[in-house]
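Report on one structure; see the data block that follows.
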Amino acid sequence: MTEISTGGDLITYINVFTVAPENQQRLIELLQYMAREVMPKQPGYVQANIHRGLEGTRVANYNQWRSQADLAAAREDADVRACMEQVLKIATLDLVPYEVVSVHRP
């Protein structure tokens, strides 16, 4: 289960993909495959959470890494690159690192 907290050592990325509605499910399947099969082999990978945009044209991926260097190294991996090539054939990506600055729970 995802635990979101401040002051942690993890780097959080919230990736927002824009996709044609007819490709949204395919994009989700590609990202799920990466999260289950490809990324767990990468040093520093912690987790990914994939969200379907209800409007049909977006998919968000909330993922965490131990460091930016770990993600940079993963991007050089042949399997990661092959998967991302498939993803970027059907979607555009806004990739941004974030720091958790506030968490509010009832």
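The values are calculated or read from the model by the stated rules, or taken from the named source; none is laboratory data. It should be emphasised that the depicted structure is a prediction, and the values quoted were computed from it without experimental measurement. Every residue, glycine as well, gets a Cβ built from its backbone with ideal geometry; the counts of neighbours run over all protein chains shown. Accessible surface areas use protein heavy atoms only, side chains included; no ligands, DNA or RNA. Shrake-Rupley method; radii C 1.70, N 1.55, O 1.52, S 1.80 Å.
Tabulated values for the structure
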read-out	value
Glu22 accessible area, 1.4 Å probe, all protein chains in place, Å² to nearest 10	140 Å²
Kirkwood hydrodynamic radius (C-alpha pairs) into Stokes-Einstein, segment 62-106, 25 °C and 0.890 mPa s, D in µm²/s	191 µm²/s
Part-to-part distance (alpha-carbon centres) for segment 61-99 and segment 22-41, which is given in Å	12 Å
Gain upon complete extension [Leu54, Thr18; 0.36 nm per residue less C-alpha separation]	11.7 nm
Cβ-defined net charge surrounding Gly44, 9 Å radius [Lys, Arg +1; Asp, Glu -1]	0
Solvent accessible area, Å² - Asp79, 1.4 Å probe, full protein context	90 Å²
Heavy atoms of Ile90: accessible area, 1.4 Å probe, square angstrom to 10	40 Å²
Isotropically averaged projected area of the chain, using the convex hull of Cα atoms (one quarter of hull area), nm²	7.1 nm²
Convex hull volume per residue for segment 1-42, taking Cα atoms only, in Å³	108 Å³
Quotient of Cα Rg and 2.2 N^0.38 Å for segment 32-93, N being how many residues it contains	1.14
Cα→Cβ-extended label distance, 7 Å offset, between Arg105 and Leu93, nm	3.1 nm
Solvent-accessible surface ranking, highest first, for Ser67, Ser5 at 1.4 angstrom	Ser5, Ser67
